[in-house]
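For reference, the structure discussed in these notes is given below.
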Amino acid sequence: MRFAPPNPLRIADRATGLNSVSVRSYNERLLLSLLLENESISRFEIGEKTGLSAQTVSVLVRSLEKEGLVSKGEALKERGRVGPPTVPISLNPEGAYSVGISIGYKHTEVVLIDFVGAVRFHSMLPNNGQSEKSNHPEFLQTINEAIKMLPEGAGGRLAGIGLAFPEAKREKNFRADDYQLRQQALQEEIESEIGIPVFVQNDITAAASGESMFGAAKPLSDYLFFYLGAELHSRLILNHQIYHGNSSLSFDVGIRRLETQLHGQEISTDALWDRSSRWPDYGETQKAWEAEVVERIRLSFETLTQFVEMNTIVLSSYAPQDICQKICEQVESVAPGSKAMAGIINPSPKAIGAASLPFSSRFMVE
């Protein structure tokens, strides 16, 4: 199987560039990683952050510009600065594209994103029952529909397809070995039918990658990441590295818990899984559930900070932004010294995170 790097992004300003022609590919990745962090940056700043010579930076920028991966902005004359105007360099949104697929609790989601993470296509497919064939024709058809959304002549700029899978232990009807075979079969089917390389990664790690590349965590190097889905999941990010190991943390206080509680009161829960709508007010049941989520985040944060010095929490979810923001505010009120922020990746953090994987593998410093 082709696995995406477990640590999808190491930020460029933590690395050191080399001027040897033999490592030019590394330097290109270094520059692209740096541009991914910054909406625009000057050649001088690139040299400062990477240690590359001015000549090497100029050669790299010209090469990447010729390939269509970066673009130059309008020259800016800074007040009080001596010398020629500053020309900002940025990623070209149309320089590369990627498809992301997330196999979720109730839905499979497919997205197409550009080089700066903007969603160009999004579709959801309801998951079939375990007794039914999972690789249904609509799945491959939807991937093809996403690819058809590429601008004319941009087919060669498709970096790949990212496939985000939940952990085997979250799929109770499969043994771990059978589950890995299922992943491999799906990967091989997509590559055979679509003809595009597929990069596989755990779905929560993929979501953390997406938030690091394109979302609220973009400027952060150390933080505790939570994904609020059917369950509440956690990842630790230190020095831009995503850690998940063999015992990643998942807690049964996610949206499925709220659904179960509402079902007991015979209240419709359709809005909980609808990416396009706000939730209705579920009253005291929702407040009690939010308190459970907040307490679990608080406990995890306080346990971690006994050993690791950090104060930032990032909560990502497909749940409405106002719900996540409310939970973050409550976390800050009960965990002194914490700074909690809601993720901004939507409509599907895991699918967009999956789409970031080909970019990580092909363009970024690992």
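Just a few scattered comments:
- Most tightly packed first, judged by the mean number of other beta-carbon atoms within 10 Å of their residues, the peptides 321-334, 26-39, 145-158 read 26-39, 321-334, 145-158.
- Gyration tensor (alpha-carbon) shape descriptor, the stretch 281-366, a/c threshold 1.5: oblate
- The stretch 274-345 - percent of accessible surface contributed by carbon and sulfur, probe 1.4 Å: 49
- Per the Debye calculation on the stretch 316-364 with a single equal scatterer at every Cα and no solvent contribution, log₁₀ I(q)/I(0) for q = 0.19, 0.28 Å⁻¹ amounts to -0.68, -0.94.
- Note, ³J(HN,Hα) from phi for the stretch 147-162, Karplus 6.51, -1.76, 1.60, rounded to Hz, x at Gly and Pro: 5, 5, 7, 4, x, 4, x, 9, x, x, 9, 7, 6, x, 10, x
- Remark: the stretch 343-351, residue by residue, has Karplus-estimated 3J(HN,Hα) of x, 10, 7, 7, x, 9, x, 6, 5 Hz, where x stands for each Gly or Pro and the curve is 6.51 cos²θ - 1.76 cosθ + 1.60 at θ = phi - 60°.
- Peptides 259-270, 191-202 ranked from most to least packed give 191-202, 259-270, packing being the mean of other C-beta atoms within 10 angstrom over each peptide's residues.
- Rounded, prolate or oblate (a/c below 1.5 giving rounded, otherwise prolate when a/b exceeds b/c) for the stretch 177-223 by Cα gyration tensor: oblate
- Of 49/72; 106/339; 49/148; 148/350, those spanning more than 27 Å from alpha-carbon to alpha-carbon: 106/339; 49/148
- Counting every C-alpha pair in the stretch 215-366, the share spaced more than 26 angstrom apart comes to 26%.
- Listed values for the stretch 211-226 are Karplus-derived 3J(HN,Hα) couplings in whole Hz (6.51 cos²θ - 1.76 cosθ + 1.60, θ = phi - 60°), namely 5, 6, 6, 10, x, 5, 8, 3, x, 9, 10, 9, 6, 9, 9, 10, and x replaces Gly and Pro.
- Surface accessible to a 1.4 Å probe, per residue, for the residues of the stretch 215-307, Å²: 47
- Cut-off under 5 Å, modelled amide H: who pairs with residue 107 long-range: 127
- Extension gain, residue 334 to residue 307: 0.36 nm times the residue separation minus the Cα-Cα distance gives 7.8 nm.
The values are calculated or read from the model by the stated rules, or taken from the named source; none is laboratory data. Bear in mind the structure is a predicted one, so any value in this text is a computation, not a measurement. Because the Cβ atoms are built from the backbone with ideal geometry, glycine has one as well, and the counts that use them run over all protein chains shown. Accessible surface areas use protein heavy atoms only, side chains included; no ligands, DNA or RNA. Shrake-Rupley method; radii C 1.70, N 1.55, O 1.52, S 1.80 Å.
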